[in-house]
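Let me begin by presenting the structure, written as structure tokens, before commenting on it.
The values are calculated or read from the model by the stated rules, or taken from the named source; none is laboratory data. Computed from a prediction, not measured in an experiment: that's the story for all the values here. Note: ideal-geometry Cβ built from the backbone for every residue, glycine included; neighbour counts use all protein chains shown. Only protein heavy atoms, including side chains, enter the accessible area calculation; ligands, DNA and RNA are left aside. Shrake-Rupley method; radii C 1.70, N 1.55, O 1.52, S 1.80 Å.
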Amino acid sequence: MPGAIPLGKTSVPGQVKSTVERKGKKLRARPDARIRVITEAAEVPGALDAYEAVYRSSWKTDEPHKDFIRAVCAEFARRGWLRLGLIELADRP
């Protein structure tokens, strides 16, 4: 698992930095945790299926622009711009 997220000299507010550091420490302590960064177009459909499954299980209303998000992610991956993070615990997103 990668180390700390480098937020030191960014414009991210201190409270957010603290939360990311605290949650990151807990995540790194879990042996079943895995962070994937999706960059390739072939990985986008499966990664977005996982994203949508998590989204559906949350308190949020249904995402109204799924097709738009998929199209943008696919295009960004094609251009080499995509960095989509996915955290899995015990092989579940």
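Table for the structure above
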read-out: Residue list for region 71-93, restricted to those being of a type outside the set (Gly, Ala, Ser), surrounded by 10 or more Cβ atoms within 10 Å (Cβ to Cβ) and assigned to a helix (DSSP H, G or I); value: 72, 73, 75, 76, 78
read-out: Of all residues making up region 54-63, the number that are touching a residue at least 12 places away in the same chain (Cβ under 8 Å) and in a loop (DSSP other than H, G, I, E, B); value: 0
read-out: Qualifying residue in region 24-35 (condition: open to solvent by less than 60 Å² (accessible area, probe 1.4 Å), in a helix (DSSP H, G or I) and out of contact with any Asp or Glu (no Cβ under 7 Å at 6 or more places or on another chain)); value: yes
read-out: Subset of region 44-70 that is open to solvent by 60 Å² or more (accessible area, probe 1.4 Å) and either under 27 Å from residue 29 (Cβ atoms) or of a type in the set (Gly, Ala, Ser) (or both) - its residue that is modelled with the lowest pLDDT; value: 59
read-out: Meets criteria (of a type outside the set (Asp, Glu) and at positive phi) for residue 46; value: no
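The rows are residues; the columns are (1) farther than 24 Å from residue 82 by Cα; (2) without any contact (Cβ under 8 Å) to a residue 40 or more places away in the chain; (3) touching a Cys at 6+ places or on another chain (Cβ under 9 Å).
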site: 17; (1), (2), (3): no, yes, no
site: 22; (1), (2), (3): yes, yes, no
site: 32; (1), (2), (3): yes, no, no
site: 36; (1), (2), (3): no, no, no
site: 47; (1), (2), (3): no, yes, yes
site: 52; (1), (2), (3): no, yes, no
